[in-house]
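Novice: My questions all concern the structure below.
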Amino acid sequence: MRYRVKSNFVQALDLRFAGINKTSKGPYMPSTVLLGAQWGDEGKGKITDLISSDYDYVVRYQGGNNAGHTVIHGDTKLALHLIPSGVMYDHITPVIGNGCVIDPKVLVEEMKMLEDSGFPCDRLRISCDAHIIMPYHIDLDGASERHLGKHKIGTTNRGIGPAYEDKFARNGIRVQDLLDEKIFREKLEAALAIKNQVLTKIYNLKPYTVDQICEMYLPYAEVMRKHMAETTQMLNAALRENKNILFEGAQGTMLDIDHGTYPFVTSSSCCAGGAPTGSGVGPKAIDKVLGIAKAYITRVGSGPFPTELHDETGELLCKVGGEYGVTTGRKRRCGWFDAVQARYAVEVNSMTDMALTKLDVLSYVPTIKVCVGYEADGVRYDYFPMQHSVIYPKNVTPIYEELPGWEGIDISDCKKFEDLPANAQRYVTYLEEVTGVHASLIAVGPDRNQTIFNGWESR
């Protein structure tokens, strides 16, 4: 009889997925996906910055510099677009995963900003398989939006969509291509044969030459070279050593290319499912999914928004909440918390926890509404309908429950859930009931220390 002997590698995997790794010295630590549970701008940067120190790796797994978040470290406040928030901690390895698209100019500028602020980027690792945003992607993005006119999607005009288009059309250029000038030139020549035709004949824009782009991009490649890595191998090796990973999402669930309010979405997978594909780590490695949601809701750009407020309350939320995009500066549309949308986010992401942000903004309103259902054409919807025409303003009527507010009470110094006024406690508890997920973190102000840990530490 022949017996099959498992390799040390396979044995390590068996132990890993059993929750124990005997090759490590410490207890098993969970890995977490952190993502936006609404239409983006939920405060992911603050929460990532707040909890990332507990992790060994922080990984961006999708999107590009269309994302934007402000992080605060001590007295330093910085706006990041590409580099994961964990770059500010000496023990963390920040990783830009294969699912991202990278504008080298933006990346190099961001690295310099961090280094000038006293945060070295030596530990930063960039996937060799991530795709590069080229100058023609940016041109095509802006030109397409202009030609769509009133039907525009509301992109950030950073070339994100066109870069992903080329990726899935299998004619994109990856980070690893920058390492070999000969390969880079060959791929550029093939790409420009098509792109220049589109630029000049459809949009009446100037063409590019191979030499022109090489002159721009090859110096960036030299800066990036020492940070390029086989990140899939690196992350899986880290898991076998019982290291833990925070997967940092960008945008939000409702902007997901598959599960968002299409076509008013981004071009990548913002949901939890994007973390494995955008990093190369298997789904079994993910233990928790932390969804970030505002205590009300906002949206930038075009697209349906059932609970949008077009009145003084909407303007008040915008003013008090400082609702202007970090990346674009665009004014955000504001509305009441949408429990129908939130339940959808919980389901498609398998959310285990919720971080509720900007609860303090609601201190300025006397009565708070929560959308618990939609009515359209005489039909009530308690779930988020995939027929998106249902949720356009002309068709849908939100069904609200009203709750008493805590107007005039400053909650920014509250340290525990019990410190919140009774009506604020009721509001949070009600959101937990209608969404089916626990609010493990509650932000009561913009600073890091203005956050209530409501069970996150012990989970």
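Novice: Which residue is modelled with the lowest pLDDT, if the candidates are limited to the range 167-192 and must be more than 14 Å from M134 (Cα to Cα) and part of a helix (DSSP H, G or I)?
Specialist: By that ranking, first place goes to L179.
Novice: Taking L316 as the residue in question, decide whether it is out of contact with any Gly (no Cβ under 6 Å at 6 or more places or on another chain) and buried (at least 24 other Cβ atoms within 10 Å of the Cβ).
Specialist: The answer is no for L316.
Novice: Can you name every residue in the range 434-455 that is more than 20 Å from the chain's Cα centre (by Cα), of a type outside the set (G, A, S), part of a loop (DSSP other than H, G, I, E, B) and farther than 16 Å from V361 by Cα?
Specialist: H438, N449, N454
Novice: Now for a different question. Count, please, the residues in the range 307-335 that happen to be more than 23 Å from V101 (Cα to Cα) and either part of a loop (DSSP other than H, G, I, E, B) or touching a Cys at 6+ places or on another chain (Cβ under 9 Å) (or both).
Specialist: Summing the residues that are more than 23 Å from V101 (Cα to Cα) and either part of a loop (DSSP other than H, G, I, E, B) or touching a Cys at 6+ places or on another chain (Cβ under 9 Å) (or both) in the range 307-335 gives 20.
Novice: Could you list, in sequence order, all residues of the range 232-245 that are of a type outside the set (S, T, N, Q) and either surrounded by fewer than 19 Cβ atoms within 10 Å (Cβ to Cβ) or in contact with an Asp or Glu (Cβ under 8 Å, 6 or more places away or on another chain) (or both)?
Specialist: Answer for the range 232-245, where residues must be of a type outside the set (S, T, N, Q) and either surrounded by fewer than 19 Cβ atoms within 10 Å (Cβ to Cβ) or in contact with an Asp or Glu (Cβ under 8 Å, 6 or more places away or on another chain) (or both): M234, A237, A238, R240, E241, K243, I245.
Novice: Let me ask you something else. If P304 passes every condition in (1) in a loop (DSSP other than H, G, I, E, B); (2) out of contact with any Phe, Trp or Tyr (no Cβ under 6 Å at 6 or more places or on another chain) but one, which one does it miss?
Specialist: (2)
Novice: Take the residues in the range 273-292 that are in contact with a Gly (Cβ under 8 Å, 6 or more places away or on another chain) and buried (at least 22 other Cβ atoms within 10 Å of the Cβ), then tell me which one is nearest to V437 (Cα to Cα).
Specialist: G291
Novice: L199 fails exactly one of the following numbered conditions: (1) in contact with a Leu (Cβ under 8 Å, 6 or more places away or on another chain); (2) in a loop (DSSP other than H, G, I, E, B). What is the number of that condition?
Specialist: Just one mismatch for L199, condition (2).
Novice: From the set of residues in the range 78-122 that are polar (S, T, N, Q) and either closer than 20 Å to F247 by Cβ or surrounded by 20 or more Cβ atoms within 10 Å (Cβ to Cβ) (or both), which is modelled with the lowest pLDDT?
Specialist: S85
Novice: Cβ-Cβ under 9 Å, sequence separation 6+ or interchain: first residue in the range 87-99 and within 23 Å of C270 (Cβ to Cβ) and not assigned by TED's automatic domain parsing to the domain that holds G161, partner in a strand (DSSP E or B) and of a type in the set (G, A, S). Which pairs?
Specialist: Listed pairs, sorted by first residue: V95/S127; V95/A229; I96/S127; G97/S127; N98/S127; G99/G63; G99/S127.
Novice: Still on this structure: Given the condition of a type in the set (A, V, I, L, M, F, W, C), under 19 Å from T298 (Cβ atoms) and assigned to a loop (DSSP other than H, G, I, E, B), answer yes or no: does some residue in the range 412-432 qualify?
Specialist: Checked the range 412-432: no residue is of a type in the set (A, V, I, L, M, F, W, C), under 19 Å from T298 (Cβ atoms) and assigned to a loop (DSSP other than H, G, I, E, B).
Novice: Return the residues of the range 178-231 that are in contact (Cβ under 8 Å) with a residue 12 or more places away in the chain, closer than 24 Å to I126 by Cβ and surrounded by fewer than 17 Cβ atoms within 10 Å (Cβ to Cβ); say none if nothing qualifies.
Specialist: Within the range 178-231, L179, E181, R185, A190, V210, C214, M216, L218, V223, R225, E230 meet the criteria.
Novice: Continuing with the same structure: Pick out the one residue from T429, T435 that is outside the structural domain of D49 (by TED's automatic domain parsing), surrounded by fewer than 20 Cβ atoms within 10 Å (Cβ to Cβ) and either of a type outside the set (F, W, Y) or touching a strand residue (DSSP E or B) at 6+ places or on another chain (Cβ under 8 Å) (or both).
Specialist: Unique residue meeting the criteria: T429.
Novice: A further question on this structure: Does T298 satisfy being closer than 15 Å to D41 by Cα and not assigned by TED's automatic domain parsing to the domain that holds M351?
Specialist: Judged against the criteria, T298 is not a match.
Residues checked against (1) at pLDDT 65 or above; (2) in contact with a Gly (Cβ under 6 Å, 6 or more places away or on another chain); (3) farther than 19 Å from L114 by Cβ:
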site: V10; (1), (2), (3): no, no, yes
site: S24; (1), (2), (3): no, no, yes
site: M29; (1), (2), (3): no, no, yes
site: D41; (1), (2), (3): yes, no, yes
site: S52; (1), (2), (3): yes, yes, no
site: G64; (1), (2), (3): yes, no, no
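Novice: For the list (1) surrounded by fewer than 17 Cβ atoms within 10 Å (Cβ to Cβ); (2) closer than 18 Å to K105 by Cα, I need the number of the one condition that G172 fails.
Specialist: (1)
The values are calculated or read from the model by the stated rules, or taken from the named source; none is laboratory data. Predicted model, so just to flag it, every value in this text is computed and none were measured. Cβ: placed from backbone, ideal geometry, glycine included. Neighbour counts: every protein chain shown.
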